Amino acid sequence: MSLTARILLSMVAAVVLGKITHEVLALPDLNETIRFILDDVLSAGLFTLIGKIFIASLKVLVVPLVFVSLVCGVCHLSDQSSLGWMSLRTIGLYLVTTSIAISLALAAATLVGPGVGANMESEAVYSAPEAVPFLDVLANIFPSNPFQAMVEGNMLQVIVFAMLVGLAIGRAGVEGERVGKHFSDWNEVIMKMVGMLMQLAPYGVFSLLFTLLASKGLGPVEELIAYMLTLIGVLLVHGLVVYPLILKLLTRLPVKIFFRKMWSVQLFAFSTASSSATLPVTIHNAEERLGVGTKVASFALPLGATINMDGTAIMQGVATAFIAQAFGIDLTLGDYLLVIATATIASIGTAGVPGVGLITLAMVLQQVGLPVEGIALIIGVDRLLDMIRTAVNVTGDAMVSVVVADAEGALDRNRYLSDKVQEKHG
Ligand code: ASP
């Protein structure tokens, strides 16, 4: 069975068994021994442990992988001036796709009106953490201590430092060449590690989903069904219509292949709800299966996992409209434009870890004068939605990496078109 099929199977098993466990645990007269085995030993014990180890092993690869592969990508550039164009193209596309995402979200939420008539004078309290000022966000991109940046997993700073090292290696003559070769070797080794880890994914994915469902069930889905359906609808349209259109228009490549090859990455993103933890798999997949050159993959994908969150922007758009409707507040055209601008910035500032999109939503709500406590209305169902939007987030990153690679002449079209998984590394 292929890896994707095994992951999918483990997900289905986890959902079914997790849901059953949740129901059984909710029985009032449940035998204490059975409760102990199901809850303490399995859900909170064994599977929580395996899930944690799985996430940790994904995360452990992020910094070394991003650093080494980006140094490699940059130091082997024969024409270093093309770096500027590549960055501009990537960032430009990220901004365009995010603006489309949020506009779609606002349009759909206004049309459908999921919060109309909800008339919620929320009693739940949600206190928002302070949002970081935008200028500080920009200044923070530049590291003052590369090791600190790595220790803290500050991806933008790691990217800047890696590019600097790569540029210098490319200009350092024979010595630079020697160091560059060394980095290439390391790149092979780290890619192998990602490949090895991916084989364990079915167990990790099962554990993560089982624990989630067994402990929390599906959340208060019923009351928020209109919100959820609107949001999921827009996420699907963006993922399955907007991305293919952009990909087709800009590269003329068959889009079916893209989706077939992205399946496993999407499943990783779905089960971890973290673009950042999925990053090693996204890079591995883009290089090995989609044919994106290291130079583009190693730059565009870590950057995307940090700043490009179309799924998150969509959630913020739908949530803003929903909260406005639920509190009976009318938004003006100016407010809508403000939401587009702030949600784009908020999604850039959202870290690729579970649940952060909901925190940066506070910034958007504040900008247009909506009650931040509104977040409490949707927090109960956010976990499931987080999983879906993270899958959209990583799909957007990969799509842009293919488009940029194509424009930069760094796309191996044969590899993209080929059905075989050719291992580029080793
Ligand atoms: N979980 C999302 C991600 O990692 C971020 C968010 O929207 O909370 O991409």
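The values are calculated or read from the model by the stated rules, or taken from the named source; none is laboratory data. Quantities reported herein were computed from a predicted structural model and do not represent experimental measurements. All Cβ positions, even for glycine, are placed from backbone atoms using ideal geometry, and neighbour counts span all protein chains on display. Heavy atoms of the whole protein, side chains included, go into the accessibility calculation; ligands, DNA and RNA do not. Shrake-Rupley method; radii C 1.70, N 1.55, O 1.52, S 1.80 Å.
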Conditions (1) at pLDDT below 90; (2) surrounded by 14 or more Cβ atoms within 10 Å (Cβ to Cβ): number failed by ALA14:
(1)
Qualifying residues in the stretch 268-302 (those that are open to solvent by 10 Å² or more (accessible area, probe 1.4 Å) and within 16 Å of the ligand (Cβ to nearest atom)) - the one farthest from the chain's Cα centre (by Cα)
PHE270
Quick check: is even one residue across the stretch 417-425 outside any loop (DSSP other than H, G, I, E, B), over 20 Å from the mean Cα position of the chain (by Cα) and small (Gly, Ala, Ser)?
no
Which of the residues spanning the stretch 98-117 are over 17 Å from GLN325 (Cα atoms), surrounded by fewer than 23 Cβ atoms within 10 Å (Cβ to Cβ) and among the β-branched types (Val, Ile, Thr)?
ILE100
Just wondering, is there one or more residues in the stretch 314-330 that are within 16 Å of the ligand (Cβ to nearest atom), assigned to a helix (DSSP H, G or I) and within 30 Å of MET196 (Cα to Cα)?
no
Among the residues that make up the stretch 237-252, is at least one of them farther than 30 Å from ALA321 by Cβ, surrounded by 18 or more Cβ atoms within 10 Å (Cβ to Cβ), among the small types (Gly, Ala, Ser) and touching a residue at least 12 places away in the same chain (Cβ under 8 Å)?
no
State whether the residues of the stretch 348-367 include one that is away from the ligand (no atom under 16 Å from the Cβ), more than 22 Å from the chain's Cα centre (by Cα) and of a type outside the set (Lys, Arg).
yes
Yes or no: GLY204 open to solvent by less than 20 Å² (accessible area, probe 1.4 Å) and either modelled with pLDDT of 90 or more or in contact with an Asp or Glu (Cβ under 8 Å, 6 or more places away or on another chain) (or both)?
yes
Looking at (1) touching a Pro at 6+ places or on another chain (Cβ under 7 Å); (2) buried (at least 24 other Cβ atoms within 10 Å of the Cβ), find the lone condition where ILE359 falls short.
(2)
Across the stretch 353-381, what is the number of residues that are of a type in the set (S, T, N, Q) and farther than 27 Å from LEU212 by Cβ?
2
Considering only the stretch 371-422, how many residues are surrounded by 23 or more Cβ atoms within 10 Å (Cβ to Cβ), modelled with pLDDT under 90 and either more than 13 Å from the ligand (Cβ to nearest atom) or among the small types (Gly, Ala, Ser) (or both)?
2
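With respect to SER215, determine if the residue is open to solvent by 30 Å² or more (accessible area, probe 1.4 Å) and more than 18 Å from THR390 (Cα to Cα).
So SER215 fits the description; yes.
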Would you check if VAL255 is surrounded by fewer than 24 Cβ atoms within 10 Å (Cβ to Cβ) and touching a Leu at 6+ places or on another chain (Cβ under 9 Å)?
yes
